[in-house]
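Read the structure below first, then the notes.
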Amino acid sequence: QALGDMLSRNGELAPIKMNEAMQYYGFNPTRIVDVVDEEKSTIAYFSSGRLMDIDHYVLRPDVKELPPIFRIPQLVENTTYVSDEFIARVNECKLTGFRFQPLP
């Protein structure tokens with residue numbers, strides 16, 4: 001309930017059936033935002049030229065606001081990003097189970 005508005009606008013929620021009174025949901029972020037300035041960021045590439053990892057992020061200068069939770073097209077398969085607004089809501093509601101890592 002504490003994150004429902006942010007999650008529902010930026011991805012898919014699916015109920016997970018469990019033998020408990022609590023209701024659990026899985027979340028798949030579907031919001032993909034191209035915010036990384038690839039020329040100014042430090043990026044590691046595979047020999048094939050495909051992007052392997054971003055070692056240092058620089059946002060494009062035209063990015064004024066980030067959605068609460070999103071992915072970037074460069075690393076769409078494995079990485080989910082959240083904004084300061086999302087982190088503030090988690091802390092304000094005293095939610096547990098999150099581990100946020102600041103971007104280098």
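The values are calculated or read from the model by the stated rules, or taken from the named source; none is laboratory data. Computed from a predicted model, the values in this text were never measured in an experiment. So basically every Cβ, Gly included, is an ideal-geometry build from the backbone, and we count neighbours across all protein chains shown. Surface areas here come from the heavy atoms of the whole protein model, side chains and all, with no ligands, DNA or RNA. Shrake-Rupley method; radii C 1.70, N 1.55, O 1.52, S 1.80 Å.
Quick one: is residue 22 closer than 22 Å to residue 94 by Cα, of a type outside the set (D, E, K, R) and part of a loop (DSSP other than H, G, I, E, B)? Taking the combined requirement at face value, the residue satisfies it.
Among the residues of region 33-51, is any assigned to a strand (DSSP E or B), surrounded by 11 or more Cβ atoms within 10 Å (Cβ to Cβ) and either of a type in the set (Asp, Glu) or in contact (Cβ under 8 Å) with a residue 40 or more places away in the chain (or both)? For region 33-51, residues assigned to a strand (DSSP E or B), surrounded by 11 or more Cβ atoms within 10 Å (Cβ to Cβ) and either of a type in the set (Asp, Glu) or in contact (Cβ under 8 Å) with a residue 40 or more places away in the chain (or both): absent. Against the criterion of being modelled with pLDDT of 90 or more and surrounded by 15 or more Cβ atoms within 10 Å (Cβ to Cβ), residue 61 does not qualify.
Is it the case that region 16-24 has a residue that's open to solvent by less than 50 Å² (accessible area, probe 1.4 Å) and either touching a residue at least 40 places away in the same chain (Cβ under 8 Å) or among the hydrophobic types (A, V, I, L, M, F, W, C) (or both)? Step through it out loud before you land on a result.
Our first condition is that a residue be open to solvent by less than 50 Å² (accessible area, probe 1.4 Å); within region 16-24, this holds for none.
No; the residues of region 16-24 include none that is open to solvent by less than 50 Å² (accessible area, probe 1.4 Å) and either touching a residue at least 40 places away in the same chain (Cβ under 8 Å) or among the hydrophobic types (A, V, I, L, M, F, W, C) (or both).
Checking each residue in region 66-97 for being in a helix (DSSP H, G or I) and surrounded by 11 or more Cβ atoms within 10 Å (Cβ to Cβ) picks out 73, 74, 75, 85, 86, 87, 88, 89, 90, 91. Of everything in region 1-15 that's part of a strand (DSSP E or B) and among the hydrophobic types (A, V, I, L, M, F, W, C), which residue is most open to solvent (accessible area, probe 1.4 Å)? It comes out as 13.
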